[in-house]
Amino acid sequence: MSVLEQQAVFGAARRFGDRAYLAWAAVAIAYAIAFLQRVSPQSVSLSFMHDFSTDAAGVAMLASSYFWGYTLMQIPAGVLVDRYGVKRVALLSMTASSLGSAAFALAPNLLDVFAARLIVACGDALVFTVLLKLVAQSFADERFGVMSGISQVSGYVGGVIATTPLAAAVTGFGWRACFLLIACIGLANLTFATLVLKPDQVVRSNKTLRSVLGAARQSLSHVANWGCAMTFASHFAVVTTLSGVWGIPMVAHLFNISPTAAGTPLLAFMIGNAAGSIFLGHAADRAAAALDTALIRICVLRMILIAMLLPPVAHAFGLVYVTIVFTVLGLVAGGTVPLVLKCTKRLYTADLIGVGASVNTTAAGILAGASQPIIGFAMLAVSQFSGTGAARGAAAVGDTGFGALIVILLLMSLPGIAGPMLMRSKLIVHQSR
């Protein structure tokens, strides 16, 4: 091969590598936006309640609509990517998310808000599956672990933006302007993705929606798989409710500070989450021989940390104390996911891990979606009954209301202890092979 031919080959390989990273960046940005959308209610809740003359129940509906849309699309997500390829599904996801964000920003009433958030969630539900598929296709096996880990962190970047930065922007410009800007960024990223994502050579898969649903139904005949779903659902619903819906309003109320200042502990949580997902993931490898015990211990630790946020305790120790608790809680939450993924792979095997992930995520979405209206109603009812919300009107949530939130989150954590016990016998069998 001549020198010119070698240069041409190396140049082509470099261009392919550059395009692979650009394509990854486009989908990673979409995932960051999706994560931001998921945890944004906490930053807009006070403005949202004021503009729509609603209360905690209205904020709960805002959060619930997202979880239902996210759940709706989890089962078919893998099938859509397999049958239609990364580019088409990625562009569909970005389009739905961007148009839904614009519709949310312009929504005149609560019904339109619900519909807009449902559309956003249906689009966002596809993006992480697309991102993992793209990484698998575009990077060598020895780089898959690194790139998939960085891909997960890209979502946490969106979560960070949804805390103090978004709260400050909402205070300065209003929540409608912020979500119009998010929609514009999404559309710009859609244009970028159209240019850098290469068309797929779609391989027809034997998988169909019916076959995946059948495999999911069959998997639920095993008690251990129920335990895995319970464990992840409990973790997801508890952590997302605290960090993505009520964290900032709770801190703002407890210390009588602005939502911008109250975003600091949640910012620390997101940073801790990213660090935990990277560094504690290595600890998950060492815990492979006792996954059930590790999951029970980490669930108990999470419950202790949540209990440490009860209003009387938070008032006694102050904002710095609450920030430290949220930071440690983020580390624990980030380290939980690798443990659950190891259990999922061991129970379902590599061939059906997609089904296992779909079952777990669907269970998590159902628990999170169904619990939000109950939480909102309980917080409001307890506050009104005790009179702690009277100072700021009937729609206000007081100390006892946020205390009720903590108690409900502790109760929702209990499946995280029972789940590993249901998995124990099957995990032992797989470990002995």
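The values are calculated or read from the model by the stated rules, or taken from the named source; none is laboratory data. Here the structure is a predicted model, which is why all the values come from computation and not from measurement. Cβ atoms come from the backbone with ideal geometry, glycine included; neighbour counts cover every protein chain shown.
The listed residues are W246, W226, and the only one of them that is outside the structural domain of Q152 (by TED's automatic domain parsing), aromatic (F, W, Y), surrounded by fewer than 20 Cβ atoms within 10 Å (Cβ to Cβ) and at pLDDT 90 or above turns out to be W226. Select, from G376, G403, G389, the only residue that is modelled with pLDDT under 85, within 19 Å of A56 (Cβ to Cβ) and either surrounded by fewer than 20 Cβ atoms within 10 Å (Cβ to Cβ) or in the same structural domain as Q218 (by TED's automatic domain parsing) (or both). Exactly one of G376, G403, G389 is modelled with pLDDT under 85, within 19 Å of A56 (Cβ to Cβ) and either surrounded by fewer than 20 Cβ atoms within 10 Å (Cβ to Cβ) or in the same structural domain as Q218 (by TED's automatic domain parsing) (or both), namely G389. Among all residues of region 181-190, there is none that is closer than 20 Å to T71 by Cα and part of a helix (DSSP H, G or I).
Residues to consider are V157, V89; find the one that is part of a helix (DSSP H, G or I), under 15 Å from A32 (Cβ atoms) and either touching a Gly at 6+ places or on another chain (Cβ under 9 Å) or not small (G, A, S) (or both).
When all the criteria are applied, what remains is V157.
Just one of (1) assigned to a helix (DSSP H, G or I); (2) hydrophobic (A, V, I, L, M, F, W, C); (3) out of contact with any helix residue (DSSP H, G or I) (no Cβ under 6 Å at 6 or more places or on another chain); (4) modelled with pLDDT under 85 fails for V79. It is (3). Within region 82-101, the residues that satisfy the criterion of being at pLDDT below 95 and β-branched (V, I, T) are V86, V89.
Evaluation of D124 against the conditions (1) within 16 Å of F48 (Cβ to Cβ); (2) acidic (D, E); (3) surrounded by 18 or more Cβ atoms within 10 Å (Cβ to Cβ) shows that the sole unmet condition is (1).
Pairs are defined by a Cβ separation below 9 Å, a sequence spacing of at least 6 or placement on different chains, a first member in region 166-189 that is β-branched (V, I, T), and a second member that is at pLDDT 95 or above and surrounded by fewer than 17 Cβ atoms within 10 Å (Cβ to Cβ); the pairs so defined are V170/A177.
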